[in-house]
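Read-outs: derived from the displayed coordinates by stated rules, not from any lab. Keep in mind that this is a model prediction, so the values were computed, not measured. So basically every Cβ, Gly included, is an ideal-geometry build from the backbone, and we count neighbours across all protein chains shown.
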């Protein structure tokens, strides 16, 4: 993301005032917005970002999202890019076989942990970008179109990837 992508106004939030004394910043900051969006695009969660010293709290960020339309737009774009980051990360996790064997024995715990990491990302992706990564629904309607009194049958099928069974060790 280039610096110009986040075009939040310089206006301070009237509902958010600067605290006196030490603590996290609560005053709206375009620099903090840039940093939040940049780090989110690189795979960090909002929780991780807000835990960093000098960054606003999660509550403050949520308040900014409510009242700053420019930040809301930039944040939405950063979340979309985060989902794409996870898609790339899934391939890396699936292709990484480095720790699958310990002393020439299969390490089932590591393989199952990798599966959990992939499944967690896939689930989050399906919730944050359902049109692109969510389960698909197929609906079929059957019956006699010339005689609707006979009734129609509606069948709804969820099309989802099958999960392989866990490897027991």
(request) Just rank 121, 104, 47, 72, fewest to most, by other beta-carbon atoms within 10 angstrom. (result) 104, 47, 72, 121
(request) Sort 37, 50 so the one with the fewest other Cβ atoms within 10 Å of its own Cβ comes first. (result) 50, 37
(request) Give me 71, 101 ranked fewest to most by other Cβ atoms within 10 Å of their Cβ, as a rough exposure proxy. (result) 101, 71
